[in-house]
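See structure below.
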Amino acid sequence: MRAFSWAGRPIKSGMDEMALKAVIEKLEDVSEGLREEYRPGTADEGKEGKFVLNVESVEGYALEDVNGLKTALGKERTQREKLERDVVKFKDLDPDKARAALEELEELKKIDPNKEADKIANSKFEAAKAQLLEKHNGEIASRDERIGHLAGTVQQLLVDQVATAALAEAKGAVDLLLPHVQRHTRVKETDGKFVVEVVDGEGNARIADSKGTPMGIKDLISEMKASDTFGRAFDASGQSGSGMQGSAGGPGAGPQKGSFGGSPEERRDAIKSKFPELSQAG
């Protein structure tokens, strides 16, 4: 039978000698020639009071306590198997979507149902109020537009009525002079009543006398009748301005159209024919 050597001593193989133990309780457990190959165990190794075979590590082979490693490896395998079982349950889930869902769930947990109900009710109230205000403002705008239209109509009718009567009384050509009267008048509401007042080119109310009396349409027509420009559009009877009849070669020379004593249309044609410049006067 072939023999081996250990630390310079022959060791028989096979049945002649048992394999050396890595740890022994006491040195007497081995033959005297092998006792020096053992060293006292340490507390760090968990072998205090025992003896450990002193083996030099060669090419990766060494004498080590693998119980701890085996225990740790067993625990890791158990943990891995558990994790694998857990992962299988979520294999069809998208991690990003799952994370987003969890975050949303956390936000929902923070919501107070009572407060949220108040918020929803308040939101609906504000929306309804905004709609009502929008509708109300639209109705106000429509009403204001209607009032403006009616006011303009009232102004036109009132001015036309008063001016037409005053021009007829002063024997003026209504069709020709009325636009000029309209241009210098406006309607004003005073104490719930509409009155016509005369204004200048800048829109300021004109005064009739030193007492501060507002100028009326009759005052304006009297002023127009006395002017050289508009005076010729009035009947010559009682006119304080220039005469209605032009001299030879002057205004009105040539064929005469219309009739000063005829209908309003005929009088208008007669005035336009004799005094064409009046249609552009302001």
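The values are calculated or read from the model by the stated rules, or taken from the named source; none is laboratory data. Since the structure is predicted, the reported quantities are computational estimates derived from the model, not experimental observations. With ideal geometry, Cβ positions are generated from the backbone for all residues, glycine too; neighbour counts draw on all protein chains shown.
Some notes on this structure:
Every residue, every condition in (1) touching a residue at least 24 places away in the same chain (Cβ under 8 Å); (2) not in a loop (DSSP other than H, G, I, E, B), yes or no:
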site	(1), (2)
Thr164	no, yes
Ala168	no, yes
Leu177	yes, yes
Val181	yes, yes
Val187	yes, yes
Glu197	no, yes
Glu202	no, no
Ser210	no, no
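- Test result for Glu48, outside any strand (DSSP E or B), in contact with a Gly (Cβ under 7 Å, 6 or more places away or on another chain), surrounded by 10 or more Cβ atoms within 10 Å (Cβ to Cβ) and among the acidic types (Asp, Glu): yes
- Filter pass, Leu73 being at pLDDT 80 or above, surrounded by 10 or more Cβ atoms within 10 Å (Cβ to Cβ), more than 32 Å from the chain's Cα centre (by Cα) and aliphatic (A, V, I, L, M): yes
- As a summary of the residue check, Ser123 satisfies the conditions (1) in contact with a Lys or Arg (Cβ under 6 Å, 6 or more places away or on another chain); (2) more than 25 Å from Val199 (Cβ to Cβ) except for the one numbered (1).
- For first residues located in segment 34-48 and over 15 Å from Asn67 (Cβ atoms), partners that are of a type in the set (Asp, Glu) and lie 6+ apart or on another chain with Cβ distances below 7 Å form the pairs Thr42/Glu48.
- Out of Lys91, Lys97, sole residue that is among the basic types (Lys, Arg) and assigned to a loop (DSSP other than H, G, I, E, B): Lys91
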